[in-house]
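Right, one structure below, let's go through it.
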Amino acid sequence: MKVSLLEAQMLSDLSVASGGNTAALVAGLRAYFRSGATVELSWRRRQLNQLRKMLSENESRFIQALGEDLHKAPQEAYLTEIAFLYADIEHTLKHLKRWVRPRKVSSPLLTQPANSYIQPEPLGVVLIIGAWNYPLQLLLSPLVPAIAAGNCAVVKPSELAPSISQLIAELLPRYLDHDAFACVEGAAAETSKLLEQRWDHIMYTGGARVGRIVMAAAVEHLTPVTLELGGKSPCIVADDADIELAARRIAWGKFTNAGQTCIAPDYVLCTRHTADLLVPAIQQAVTKMFGEDPQKSSDYGRIVNSRHTLRLADLLSGGDVIYGGEVDADNRYIAPTLMRCVDLEASVMQDEIFGPILPVVELDDFGKVEGFVNQREKPLALYIFTKSDSLAERILSSCSSGNACVNDCMMFMLAQDLPFGGVGASGMGCYHGEHGFKTFSHYKAVMKRKNILDVNLRYAPYSKRKFSLLRMLQK
Ligand code: NAD
């Protein structure tokens, strides 16, 4: 059904006038989508350029808001959120023309003469639910491919990062086509209202508990979902690893954003011999980054709220705290912490830590490393530090994970051509670069036949002659 632009405008105005009526909002977006406006490549480019402009003209406000929500240092906020989005938009604008092109495929003899091709088409109106730990990046990075693929979208920022949520709600309608995009703020109640609506795709980033709620709601309308979840990402350090470099990279991966990163190394797996070398090296790396007292460092983050601070403080009872361990609940501070002799049944080894606590688990035999990983849920990320290619290959081929990195942590996020997503309990579906474009597109199979020839082999009445000819042509 095609709807005129005027009708779309009326419906969209209705949604604004009704003061946040979710059903009317979605109906307005859907009507606009049906007007065909979003299919135009020039429209998509314009929206992406506007999104970039929104970031560049308000960089300092975004940096300030990230400081308010998570005590992110300006440089960290820029690197892990804003610059990440610039690169995302740049990459998309550069390749979009190629991504939207129909892809020709061969047509078998029985269908000749014909042209067959795969045509990416937008899905329609999509819902993007963001998480609080990278509240800007994790909300807008899925929006980039949603726009690129020609969709309308509602974004729902996390209520746990209120400064960023308010800023996006204020700026998005000023920069993007407000007939096609909306920001709905709120917590569980507002998200539940959104989830009652019919969407053409839902992308959710967050924990598995809410992931289940999202998936159950999507079932009602047979809506496809992408779930970007988390889990415990192991960090394997072999005896032959470059310990000093590994320590620096692990410390950066673990303590950036005070450990509140879905792909942060959750725990280290190594032999006792390596643990004895690695632990002091990580301590040294932490001191180099944040000084003797990280609480005084303007570069060290805070826990998002007091509930999570107390949750993390409780985890410290699961083993020996050998470094850090200071908790200042009033200021949402938890020091970069190392633990040894952890109880594998304790919460610190059963639940995702999602904070600045790093247990070092010692194996009496390094050969058991794959068994240890594979007895647990498939992780979002797997890290292996070793100088041996064959060891890295052995572990990579025997352990399944959403993403993996050898001799570093988290850096795969910078490679736009690598898909980002979980497997099993760490999520389903993926995005980044063309993978995101595919997530928000339908790849329509099209065959265009000519009228000049109509071989009658497929039509009844059937005969032995027709049957043998058919078999010959099928060979
Ligand atoms: P969360 O699951 O509490 O919240 C995520 C979103 O769900 C928010 O927008 C929130 O408003 C909404 N929500 C909360 N309760 C809801 C309810 N009852 N019904 C409907 N919606 C609801 O976020 P969290 O669990 O604190 O986030 C941390 C988790 O997210 C960790 O497991 C982490 O690994 C994961 N994570 C994954 C990625 C990724 O890209 N894979 C990124 C960041 C965080």
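A short reminder: the numbers here are calculations on the coordinates, not readings from a lab. What you see is a predicted model; the values in this text were computed from it and never measured. A quick note on method: Cβ atoms are made from the backbone with ideal geometry, for glycine too, and the neighbour counts reach across all protein chains shown.
Here are the numbers for the structure shown:
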read-out	value
Beta bridges by DSSP in the range 234-415, antiparallel share as percent, to the nearest 5	25
Between helix 208-220 and the chain: long-axis angle, C-alpha atoms, 0 to 90°, nearest 10	10
Hits among aspartates and glutamates - C-alpha to C-alpha of residue 53 under 16 Å, sequence gap 8 or more where chains match	81, 88, 90, 170, 177
Helix 59-70 axis, angle to the chain major axis (alpha carbon atoms, nearest 10°)	60
Computed over the range 234-415: relative contact order in percent, which uses C-alpha pairs under 8 Å that are six or more apart	29
Given 450/475; 72/254; 232/296; 232/288; 94/156; 232/378, the pairs whose alpha carbons are separated by over 19 Å	450/475; 232/296; 232/288; 94/156
Extreme residue, positive dipole direction of the chain, given options 315, 141, 280 (C-beta unit charges)	141
Within the chain, longest stretch free of exposed GluC sites (Glu not before Pro) [DSSP loop, at most 11 other beta carbons within 10 Å]	41-291
Cα-based helix-to-principal-axis angle, 137-148 vs the chain, degrees rounded to 10	20
Rounded to 5, the percent of DSSP beta bridges in the chain classed as antiparallel	40
Helix-only mean residue ellipticity at 222 nm for the chain, each DSSP H run of n ≥ 4 adding -39500 (n - 2.57), per residue, nearest 500	-13000 deg cm²/dmol
Given charges at beta-carbon only (K, R positive; D, E negative), |dipole| of the chain in Debye	3560
Cα gyration tensor shape of the range 234-415, rounded if a/c is under 1.5, else prolate or oblate by comparing a/b with b/c	prolate
For the chain: relative contact order, % (alpha-carbon pairs under 8 angstrom, 6 or more apart)	17
